[in-house]
Structure formats: structure tokens, C-alpha cells
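Okay, structure first, notes after.
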Amino acid sequence: MTLRLLVIEGNVKANRERAVASGGTVSSDSYGELLRRLGPAGTIVDICYPADPGANLPDTGGLESYDGVAITGSALNVYDGGPAVYPQIDLVRTLFRTATPCFGSCWGLQIATVAAGGTVRKNPDGREIGIGRRIAVTEAGHGHGLFMGKPRLFDAITVHLDEVETLAPGTTVLATNDWSPVQAAEIETPGGGGFWGTQYHPEYDFREIAAIFRRYGDLLIRQGLFADAAEQATYTAELDALHADPAPKPLVWKYGLDETVLDPALRSRELKNWIEQAVLPAKSTRGRA
């Protein structure tokens, strides 16, 4: 069964270029590559760039042609508004009027929340970055398709300054932790496609989060996450080492890591579950099997 998926890139061009310059990837490119690996053989992934001026964006009919749509993270802040943000909100609102299943990571969850009538704020506790600890599946999340095969308590690769403040109507919180009360959620959508989202990044690996630490540079020192540049450089180098060898015992012990972040299959299980539990059934229901 061939799938046709769309990835909505949340970043402006300048931020995409900075990501590559720091040793990372363009979010939509790596997201698309992962979806192709997780999906059935022959899965097709298109990308659109709604934050770019003059971008040619799909309308309702165009969105309906996809079996599923995923929304990446972004360095933008949705409450800032502006020409890079408003087109994304409009696009997601259009998407929600279709029967197309959607998924969003971090920014994806935030933009979906605003599009559906909720609000997002700067987290008063500051930035959660690196490894999000002790993310707990809620009672509503237990047995939900998003978390099939996932422990009820897990860690995840993460980076976010903002968080969901007010739930949109039709939202069910599926996971939480001490840093942010909404770590995963489902939003009912008018068209019936439904939205599943996470505040953390199931699509990230250690190389990607290492690149983000490099990109933020001195900002993380000023925010008190590191004492100095040497300490930050050591931590970033050790993230790169974890990418090269996902289970070096000294680093696993040092950072208290477990299989939920070390095992790539378990780390990205939410996306595989979305494909298998939301996208494929919807494709069949829509007569596209």
C-alpha cells in the first residue's frame, strides 16, 4: 500500500540554513526521510514551506489528496504572529477541515493548538532542552494508538521554550511531565481527520540535538544551562558520540539514559504508530486501499 504524505516545514529559510550550518538538517528533509523509512515501501513525501514569502500552498482539495500530513518543529514563536506565522495557522485550519490525519512535533503541536482555538505561551520555567525526563502517559493516553508499544513513563529528545497554555476545544492530553503539562495531545478536528502531537521530538536523533546546542551557542550559557563554553562543548561532543555509538556505557551511566532514548525504533515509535494506527486506517476508510 503506497502512502502519499505531506510535511509542513515550520521554519523560515534563514533558520533552515542555520540548522545546516551547525551540522544539523532541514527539519522537513529529515522528517520526510524518517517517514519514508517508517511507512510502507514506496511511501511518497512532499514538502511545503508556508513560512516563506510567496510560498505556493495546497488548498483544501490539495490537502485532501494526501493520506497524512506532518508538521515539523520551528524556531518561531506562534504568539509573535507575523507573515511567517499567520500563513501556517491558516494552512493548519484548512487542513483541519479535511479528513486527512495530521501529526505535529513541538511547533507542530503549538500551531495546531492555536489553529484549533487554544493558546501558547513562553514556558515560565524556561527552556526544556536535551532530554525531556519522566514523560508520563496519562490515563487517556494509556491504550491510545499514539503510545502502542511505548512504556507509560519514558524520556525523549526535546527542545522547546514555548508550551501549550490553554487547551483548544476537543483536546485530550495524552502525556505530561513536570516541565510542561502537555507533552502529547490529540485534537478533534472538524473534518474528522484528527491531530496527534507531541511537545518533544520523536523524529530527532542525537546528532540533531547536538547541532541545536551548537546553534544556540552562548545563549544557553547566559540562560544558566552551562557554566561556560568548555562545559557546553563537552556536552555537545558527547551527544555526537551518542549518535556514533548509541550505547557507550560511560555516557549512558553519566546521563542516566535508557532504551526510550537510545533505541531509534522506540524513540520514534509515536510516528510509526501514527502511520499504522491513524494514516493507514483512514486511507482504507477513504477508499484508497
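Just so you know, all these numbers are worked out from the coordinates, no wet-lab data involved. Model, not experiment: these values are computed from the prediction. Because the Cβ atoms are built from the backbone with ideal geometry, glycine has one as well, and the counts that use them run over all protein chains shown.
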Item to check | Residue-wise HN-Hα coupling along region 177-191, computed from phi with Karplus coefficients 6.51, -1.76, 1.60 (Hz; x: Gly, Pro) | outcome: 8, 5, 7, 9, x, 10, 9, 7, 7, 10, 10, 5, 10, x, x
Item to check | Net charge contributed by nearby residues that have their C-beta within less than 13 Å of D240 (K/R +1, D/E -1) | outcome: -2
Checklist entry - Distance in nm between label sites at D245 and A229, each 7 Å beyond Cα in the beta-carbon direction? => result 2.9
Checklist outcome for this item: Between Y86 and I44, the FRET efficiency computed from the C-beta separation at R0 = 25 Å comes out, to the nearest 0.05, as 0.30
Checklist entry - Given H placed on each backbone N at 1.01 Å, which residues far from V45 in sequence or on other chains put an amide H within less than 5 Å of it? => result L5
Checklist entry - Which of the pairs K122/K254; K122/K283; K150/K254; K13/K254 have their Cα atoms more than 26 Å apart in this structure? => result K122/K254; K122/K283; K13/K254
Next on the checklist: Counting other beta carbons within 10 Å of each residue's own, what order do R36, R152 fall into, fewest first?
Outcome noted: R152, R36
Checklist entry - Using +1 on the beta carbon of Lys and Arg, -1 on that of Asp and Glu, and nothing else charged, what's the dipole of region 207-259 about the Cα centre, debye to 20? => result 120
Checklist outcome for this item: Once D125 and A55 are pulled to full extension, the length gained, defined as 0.36 nm per residue separation minus their Cα-Cα distance, is 21.7 nm
Checklist entry - What dipole magnitude, in Debye to the nearest 20, does the chain give about its Cα centre under +1 on Lys/Arg Cβ and -1 on Asp/Glu Cβ? => result 380
Next on the checklist: What are the ³J(HN,Hα) couplings of region 42-57, residue after residue, when phi is run through the Karplus curve with 6.51, -1.76, 1.60 and θ = phi - 60°? Round to Hz, x for glycine and proline.
Outcome noted: x, 4, 9, 10, 9, 10, 10, 10, x, 7, 8, x, x, 5, 8, 9
Checklist entry - Can you list the HN-Hα couplings for region 222-229, worked out from phi with the Karplus curve (6.51, -1.76, 1.60; θ = phi - 60°), rounded to whole Hz and with x for Gly and Pro? => result 5, 7, x, 6, 9, 6, 7, 5
Next on the checklist: If amide hydrogens are placed 1.01 Å from N in the peptide plane, which non-local residues have theirs closer than 5 Å to the one on T171?
Outcome noted: E188
Next on the checklist: If I compute percent of Cα pairs over 31 Å apart from the structure I just sent, which labelled value in (i) 27; (ii) 34; (iii) 22 lines up?
Outcome noted: (iii)
Checklist outcome for this item: Two pseudo-spin positions, 7 Å from Cα along C-beta at V20 and at L161, lie apart in nanometres by 2.4
Checklist entry - Which is farthest toward the positive dipole end of the chain among W196, A184, F154, measuring Cα position about the Cα centre, with Cβ charges +1 (Lys, Arg) and -1 (Asp, Glu)? => result W196
